[in-house]
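The values are calculated or read from the model by the stated rules, or taken from the named source; none is laboratory data. Quick caveat: nothing in here was measured; it's all calculated off a predicted structure. Don't worry about glycine lacking a Cβ; one is built from the backbone with ideal geometry, like all the others, and counts go over all protein chains shown.
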Amino acid sequence: MNLYLAVAMLSQPVILVLLLLSFVFAMYAQYKVSSAYNKNVRIPSRGRISGREAAEAVMARAGIHNVEITETSGHLTDHYDPIHRRLVLSSENYRGTSLAALGVAAHEAGHAIQHKIGYSMLKTRMALVPITQISSQLLPFVILGGFFFRMSGLIDIGIICYAVLTLFHFVTLPVEFDASKRARAELVGLGIIDRDEMPGVSQTLNAAALTYVAAFLSSLLNLLWLISARRN
Ligand SMILES: [Zn+2]
């Protein structure tokens, strides 16, 4: 109810402008990720340790021995798969010894550590995955149908879907920030990179974090816009 009141105070044009700004911000975040990654993937680390070796070392120090590290094709396709306990690195980061490769590999290992210690935000995020998938699949039909046939019931379902997405992107923020924090600490702690190499790692990880903030803002503003449209 409070949310509805807060939205009522924001007029629709204001929300539309904010929505547009969030779109620009998302494009900026995407640009930052590409430029930070492309710059730091060309800077080899002094230790010459590969992304795979770094992920292995970070996980070994945390006592994780049951996570498989695999190589995959594609650009920035790196992720940690908690269901199959698999740490997937793109070839560039799996084999590469760059500051970007080490940052990404250690970040994914950070997720494996979160999984092992039962980090509450990761558990919440994992629990939200099924309902988030359903919501994002439903959304296009619900929104189109709702506005086309002027069915407020469909708009209400759209609001619920966006609320789920917004919650998911919100919970993702601490999960991602925490994994990057762990990555930085582990890379230096294990002596994989020197302190003066850290800016290159941080630049890559911070740019990636921006995209998660952009995703959260965008789903929040879509939610607000839909609520304000429903009122009218
Ligand atoms: Zn991550």
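Being part of a loop (DSSP other than H, G, I, E, B), in contact (Cβ under 8 Å) with a residue 12 or more places away in the chain and surrounded by 16 or more Cβ atoms within 10 Å (Cβ to Cβ), is that true of even one residue in segment 21-40?
Residues of segment 21-40 part of a loop (DSSP other than H, G, I, E, B): none.
The answer is no, given that none of the residues of segment 21-40 is part of a loop (DSSP other than H, G, I, E, B), in contact (Cβ under 8 Å) with a residue 12 or more places away in the chain and surrounded by 16 or more Cβ atoms within 10 Å (Cβ to Cβ).
Provide a single number: the residues in segment 176-205 that are under 21 Å from SER35 (Cα atoms) and away from the ligand (no atom under 13 Å from the Cβ).
9
For the condition of a type in the set (A, V, I, L, M, F, W, C) and within 16 Å of the ligand (Cβ to nearest atom), what is the one hit in LEU173, LEU144, LEU139, LEU165? Even if it seems obvious, please write down each step before you answer.
Values: LEU144 fails: within 16 Å of the ligand (Cβ to nearest atom); LEU139 fails: within 16 Å of the ligand (Cβ to nearest atom); LEU165 fails: within 16 Å of the ligand (Cβ to nearest atom).
Checking each option against the conditions leaves just LEU173.
Out of the residues in segment 179-196 that are crowded, with 20+ Cβ neighbours inside 10 Å and not small (Gly, Ala, Ser), which is nearest to ILE113 (Cα to Cα)?
So the first thing to find is which residues in segment 179-196 are crowded, with 20+ Cβ neighbours inside 10 Å, and the list is 179-180, 182-183, 186-187, 192-193.
Now drop any that are not not small (Gly, Ala, Ser), which leaves 182, 186-187, 192-193.
Details: ARG182: 9, GLU186: 11, LEU187: 14, ILE192: 18, ILE193: 19 Å.
So, considering only residues that are crowded, with 20+ Cβ neighbours inside 10 Å and not small (Gly, Ala, Ser), the one nearest to ILE113 (Cα to Cα) is ARG182.
Just to be sure before I move on: is ALA101 surrounded by 22 or more Cβ atoms within 10 Å (Cβ to Cβ), within 16 Å of the ligand (Cβ to nearest atom), in contact (Cβ under 8 Å) with a residue 40 or more places away in the chain and closer than 17 Å to ILE49 by Cβ in the structure I sent?
On the way: surrounded by 22 or more Cβ atoms within 10 Å (Cβ to Cβ): yes; within 16 Å of the ligand (Cβ to nearest atom): yes; in contact (Cβ under 8 Å) with a residue 40 or more places away in the chain: yes; closer than 17 Å to ILE49 by Cβ: yes.
The answer is yes for ALA101.
Hey, can you tell me all the residues within segment 206-220 that are among the hydroxyl-bearing types (Ser, Thr, Tyr) and within 16 Å of the ligand (Cβ to nearest atom)? Talk me through it step by step, then tell me what you get.
First, the residues of segment 206-220 that are among the hydroxyl-bearing types (Ser, Thr, Tyr): 211-212, 218-219.
Correct list: THR211, TYR212.
Take the residues in segment 63-86 that are aliphatic (A, V, I, L, M) and at pLDDT 95 or above; name whichever of them is surrounded by the most Cβ atoms within 10 Å (Cβ to Cβ).
The initial filter retains those residues of segment 63-86 that are aliphatic (A, V, I, L, M), namely 64, 67, 69, 76, 83.
Those left that are additionally at pLDDT 95 or above: 64, 67, 69.
Working: ILE64: 19, VAL67: 23, ILE69: 19.
Among those residues, the one meeting the criterion is VAL67.
From PHE148, PHE216, grab the single residue that is without any contact (Cβ under 8 Å) to a residue 24 or more places away in the chain and of a type in the set (Phe, Trp, Tyr).
Of the residues listed, the single one that is without any contact (Cβ under 8 Å) to a residue 24 or more places away in the chain and of a type in the set (Phe, Trp, Tyr) is PHE148.
Between residues in segment 75-96 that are within 13 Å of HIS115 (Cα to Cα) and residues that are aromatic (Phe, Trp, Tyr) and within 12 Å of the ligand (Cβ to nearest atom), which pairs lie under 8 Å by C-beta distance while being six or more apart or on different chains?
Correct list of pairs: ARG86/TYR80; LEU87/TYR80.
Only one of these conditions is not met by VAL88: (1) within 16 Å of the ligand (Cβ to nearest atom); (2) in a helix (DSSP H, G or I). Which number is it?
Of the numbered conditions (1) within 16 Å of the ligand (Cβ to nearest atom); (2) in a helix (DSSP H, G or I), the odd one out for VAL88 is (2).
Looking at LEU128, LEU122, which one is surrounded by 15 or more Cβ atoms within 10 Å (Cβ to Cβ), more than 30 Å from SER45 (Cβ to Cβ) and within 16 Å of the ligand (Cβ to nearest atom)? Break it down stepwise before answering.
Numbers: LEU122 fails: more than 30 Å from SER45 (Cβ to Cβ).
The unique qualifying residue is LEU128.
Within segment 41-74, work out how many residues are part of a strand (DSSP E or B) and without any contact (Cβ under 8 Å) to a residue 40 or more places away in the chain.
Total meeting the criteria: 5.
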